[in-house]
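> The structure under discussion is supplied below as structure tokens; questions concerning it will follow.
The values are calculated or read from the model by the stated rules, or taken from the named source; none is laboratory data. None of these values were measured; they are calculated from a predicted model. Cβ: placed from backbone, ideal geometry, glycine included. Neighbour counts: every protein chain shown. Surface areas here come from the heavy atoms of the whole protein model, side chains and all, with no ligands, DNA or RNA. Shrake-Rupley method; radii C 1.70, N 1.55, O 1.52, S 1.80 Å.
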Amino acid sequence: FNNLAKSFGLLAPSGETKILKINGVNVGFYYIQERHSKEWFEINEITNYSILKNNDDWDKKNEAGHYSDHDLNEKNIEISGNGSNPSIAYGAIKKLFDAVKEKNLEKIFQFIDKDYFAKYLAILSLVNDNHTITGDNIKYIYDFTNGKFKILFRQESGSIQTINSSIKNFNKSLFVNNTYDDALTHDLFKLIVSDKDFRFQKDLYLKEILNKKQSIISEAEDIYNESFKNLIFSDVKLRHQKYLKIKFFE
């Protein structure tokens, strides 16, 4: 899904499986993923940026760990990247958080790349896993060239949550029947998907993905088959992996 997101124009790190050898000794089966470094952002045509994320100190009352009551508080934000003036990015995230708390869609759309977020939610609607938009998992990318935020797409587990919602409640599916159903960071996404024009834009991208269904499935099979060559030389149980493959493609 990271590869699919990247090919669809999202800031997503691609990856591949490898057998790691040290001094010629096989030490295991690994997944190697691109790191969102300065050079990586330059390849993605972003040169003046700041990365903002919530502090990932897990010493807090929420059992889930990833989110807290301060996830829409700019004082809980850490900044990195090579932005020319980080204080501007810091001010922008405060204004975005304030707009979310005020439920002010007009202000929200002033601070986010609307087209990018439409693509993002189109992909995420299929994955139906809100882990990547929960609490300290979100990395807000502030682009100083246009004063807009994008967010990094990075799915860790590769799992897909079944969509149990009716057609009428399809747009709510991402935020219900999932582990992190009360995370404050979800409020941004709930608000923008409630906007009819944004939803129409998101659904156009979703249709574009669905029109490529067969080629996407074929590419996933190719990636799996290539990875399976490495699995054979690992100590991972192949029977269980074959079961997981069946469940994934279902």
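> Please work out which residue is nearest to N230 (Cα to Cα), limiting yourself to segment 43-60 and to residues that are open to solvent by 80 Å² or more (accessible area, probe 1.4 Å) and either at pLDDT below 85 or outside any loop (DSSP other than H, G, I, E, B) (or both).
I43
> Suppose we keep only residues that are surrounded by 12 or more Cβ atoms within 10 Å (Cβ to Cβ) and among the aliphatic types (A, V, I, L, M) within segment 211-231. Which one would you say is farthest from V127 (Cα to Cα)?
L231
> Then there is this: List the helices (runs of 4 or more DSSP H) that sit entirely inside segment 171-250 and contain at least 2 residues that are more than 30 Å from S68 (Cα to Cα) and at pLDDT below 90.
213-231, 238-249
> Would you check which residues across segment 129-150 are hydroxyl-bearing (S, T, Y) and in contact with a Ser or Thr (Cβ under 7 Å, 6 or more places away or on another chain) and list them?
Within segment 129-150, T134, Y142 qualify.
> Any idea which of K237, K245, K213, K139 is among the basic types (K, R) and more than 25 Å from K18 (Cβ to Cβ)?
K213
> Mind listing just one residue for me: the one in segment 1-37 that is among the hydroxyl-bearing types (S, T, Y) and surrounded by fewer than 17 Cβ atoms within 10 Å (Cβ to Cβ) and, of those, nearest to S234 (Cα to Cα)?
Restricting to residues being among the hydroxyl-bearing types (S, T, Y) and surrounded by fewer than 17 Cβ atoms within 10 Å (Cβ to Cβ), the top hit is Y30.
> Against the condition touching a Ser or Thr at 6+ places or on another chain (Cβ under 7 Å), open to solvent by less than 10 Å² (accessible area, probe 1.4 Å) and closer than 18 Å to G81 by Cα, how does I93 come out, does it pass?
no
> While we're on this one: Can you run down the residue pairs with Cβ atoms below 7 Å, 6 or more apart or on separate chains, where the first is in segment 95-109 and of a type in the set (D, E, K, R) and the partner is modelled with pLDDT of 95 or more and part of a helix (DSSP H, G or I)?
Cβ pairs passing all conditions: K95/F111; K103/L191; K107/A99.
> I've got another one for you. How many residues are open to solvent by 70 Å² or more (accessible area, probe 1.4 Å) and either at pLDDT 90 or above or in contact with a Leu (Cβ under 8 Å, 6 or more places away or on another chain) (or both) if we restrict to segment 61-78? Write out each step before concluding.
At the first step, the residues of segment 61-78 found to be open to solvent by 70 Å² or more (accessible area, probe 1.4 Å) are 61, 63, 69-70, 75, 78.
In the following step, the residues that additionally are either at pLDDT 90 or above or in contact with a Leu (Cβ under 8 Å, 6 or more places away or on another chain) (or both) were identified as 69, 78.
Residues that pass the stated criteria total 2.
> Condition test on S87, is it open to solvent by less than 50 Å² (accessible area, probe 1.4 Å) and without any contact (Cβ under 8 Å) to a residue 24 or more places away in the chain?
The answer is no for S87.
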